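The structure appears below as C-alpha cells.
Every number here is computed from the coordinates shown, using simple stated rules; none is lab data. Since we're looking at a predicted model, the values are computed, not measured. All Cβ positions, even for glycine, are placed from backbone atoms using ideal geometry, and neighbour counts span all protein chains on display.
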Amino acid sequence: MDEDLSLKKLMDLSKRSYNNNTFEFSDFLTVAEQDDFAARKKEFAGSRFCLFGGYELAERRMVRFGDEEEFGYNVEFPISCIEISPVSEKFAASCTHRDFLGALMSLGLERRIFGDIIVKDKNAYLFCQERFSSFVCENLVSVGRNQVHCEICVFPEENVKKEREKIAIQVNSLRADAVAAKVCRLSRGAVLPLFAQKHVILNGQTLENKDKTLKEGDIFSIRGYGKFVVGETTGQSKKGKENVNIYKYM
C-alpha cells in the first residue's frame, strides 16, 4: 500500500474514533507500515490506540483506535483464527507458507485482510479480519494438491509457544548484532547487511540499530532465519563472556 495513502487512512480512523467516541480498526499492517505509523504517531488525533495481530508474537497487526477506560465500554479486535487442515491427512503433501498464501490470493481477496499465516506440519493457522472469515471457510477448498477443510478456532498459542529450540550462546554483550550473528551462525560482518536491509524485526518494529542492547523477553525475527525470544542469562564464562539462552520458535 502507498505509504501516504496508508497513513491518511489511519489518520481518518483516528479522527473518527476521537470525534465519535467509537472504536475504529485498521486493516492488517505490514511491519514497514507499523514502522511508518510509529514514526508519525504524534501527528494523529488524541485518541488512544493499541496494536494486535491475534496472538502475542504476531508480525502483521491491526491498529485499534479508542480506549476502554476512556469510553466506558470495550470492543475486541475483529480477528478470527481459521485452522486450515487437509481433508485426508494420510495422503496430504506438506505445504509451505507460499502455498497457503497463494491459495488465499486466488480467492480474489486482498493481502491486507489477512494477518499472519502459521504453518504447522500439514496444517496452517490463518488470522483474518472477522467479516471475511465465513467467506474463507466456505471457499478455500484446496491448497497446492491438497483438498482442505477450514474451521474457525481458538488459536492454540500455548502449544505453539512450547515448541521452542533452546540455543545457548556466548556473547561479549547482548548487542543485537552480536546475538544475531550467533543465532544465524554468521560472522559479525556478514550479519550487518540484515540490519541495513531491514530484515531484523524487534518487538514488532524494524531494527536498524545494530548496537541496540537486547533484554530478556525481547522477541526478534530475522528474515530467512526464524523468530526468537531472548531468554535468561546464566552467568559468565571463564573468559568473561555472557552465557545467554535464546529460544527459537519452531
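The modelled label-to-label distance for the pair THR22/LYS248, using points 7 Å beyond Cα in the direction of Cβ, is 4.7 nm. Of the labelled figures [x] 7, 32, 36, 18, 5, 2, 0; [y] 7, 26, 30, 25, 11, 2, 0; [z] 6, 24, 27, 18, 13, 8, 3, 1, 0, only one reflects P(r) over Cα pairs in 10 Å bins from 0, in percent as derived from the coordinates, namely [y].
Rounded if a/c is under 1.5, else prolate if a/b is larger than b/c, else oblate: which is region 127-250, with a ≥ b ≥ c the root eigenvalues of its Cα gyration tensor? Prolate is the answer for region 127-250, as a/c is 1.5 or above and a/b outweighs b/c. Peptides 71-78, 188-195, 56-63 ordered by packing proxy, namely the average of other Cβ atoms within 10 Å per residue, highest first: 56-63, 188-195, 71-78.
Net charge dipole, region 163-249: roughly 260 debye, given to the nearest 20, about the Cα centre with Cβ charges of +1 for Lys and Arg and -1 for Asp and Glu.
Label-to-label distance for ARG185 and GLU89 is 3.1 nm, based on points extended 7 Å past Cα in the beta-carbon direction. Summary of the geometry: region 134-206 and region 220-250, compared by the centres of their Cα atoms, lie 14 Å apart. What does the net charge come to around GLU59 if you take all other residues with beta carbon closer than 9 Å to its beta carbon, with K and R at +1 and D and E at -1? Once positives and negatives cancel, what remains is +2. Here's the picture: charge each Lys and Arg Cβ at +1 and each Asp and Glu Cβ at -1 in the chain, and of PHE228, ASN146, GLY189 the one pushed furthest to the positive end of that dipole is GLY189. Paramagnetic label reach from ASP12 (point 7 Å along Cα→Cβ; backbone nitrogen cut-off under 20 Å): within region 107-137, residues 110-114, 129-132.
Each Lys or Arg adds one and each Asp or Glu subtracts one; over the other residues with Cβ under 14 Å from the Cβ of VAL200, this totals +2. For VAL143, the shell of other residues with beta-carbons less than 10 Å away shows a net charge of +1, using +1 for Lys and Arg and -1 for Asp and Glu.
By the rule of a C-alpha distance below 21 Å, with chain neighbours fewer than 8 residues away ignored, the lysines paired with LYS166 are LYS120, LYS182, LYS215, LYS227, LYS241, LYS248.
With the helix formula -39500 (n - 2.57) applied to DSSP H stretches of n ≥ 4, the chain reaches a computed 222 nm mean residue ellipticity of -8500 deg cm²/dmol.
Residue by residue, region 52-57 carries 3J(HN,Hα) couplings of 7, x, x, 7, 4, 9 Hz when phi is fed to the Karplus relation 6.51 cos²θ - 1.76 cosθ + 1.60 (θ = phi - 60°); x denotes Gly or Pro.
Since only PHE37, MET62, ASN21 are under comparison, the one whose Cα sits farthest along the positive direction of the charge dipole of region 1-71, derived from C-beta charges on Lys, Arg, Asp and Glu, is ASN21.
Relative contact order for the chain: what is it in percent, counting Cα pairs under 8 Å that are at least 6 residues apart?
15 percent
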